[in-house]
1. Once you place label points 7 Å from the Cα toward the Cβ at Tyr39 and Thr92, how far apart are they in nm?
2. Out of the stretch 28-133, which chymotrypsin sites (Phe, Trp or Tyr not before Pro) are coil in DSSP terms and have no more than 12 other C-beta atoms within 10 Å?
3. Sort Ser100, Ser84, Ser47 by Cβ crowding within 10 Å, fewest neighbours at the top.
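Bear in mind these aren't lab numbers, they're just calculated from the coordinates by the rules spelled out. Since this is a predicted model, take the numbers as computed values, not measurements. Backbone-built Cβ (ideal geometry, glycine too); neighbour counts: all protein chains shown.
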Amino acid sequence: MRRSVVLPLIGTLLIPMLPSTALAQAEPPPDRIINLLVYGDDPCPESKGDEIVVCARKPESERYRIPKKLREKPEPVGGPGWGSQVATMEQTQRQTLPNSCSVIGSNGFTGCTAQMLQQWFAERRMQESKGEP
């Protein structure tokens, strides 16, 4: 019984508010909205006519700095471990080390000699397995 009385009363209270909200939405938005960051004691510019000026104030020490969200790098989650980083560095530096068979490394020719000897031993084992002298 109470619910049936309360609901029509709430409805009669809310109905007069509807036209005012509809009129408020019918107004066009302002022509210009300006968002600015001001530093230290710099003044916020005055709005002219039908424009809105919104100012956010930052300390003077932040004026010439990179914004915080750009200067802080997030920590990589589950990134490569030290073992894989060391293996990658060794692999990229391998061509400049001795025994690398490379023209750019120090003592690179020793690696070419070792490579030729390994190839010769592999061919020799293959011939012996076939029964050739």
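1. Going from the Tyr39 label point to the Thr92 one covers 3.5 nm.
2. Values: sites: Tyr39, Tyr64, Trp82, Phe109, Trp120, Phe121; in loops: Tyr64.
Hits after loop and neighbour filter: Tyr64.
3. Working: Ser100 21, Ser84 10, Ser47 14.
Listing Ser100, Ser84, Ser47 from fewest to most nearby Cβ atoms yields Ser84, Ser47, Ser100.
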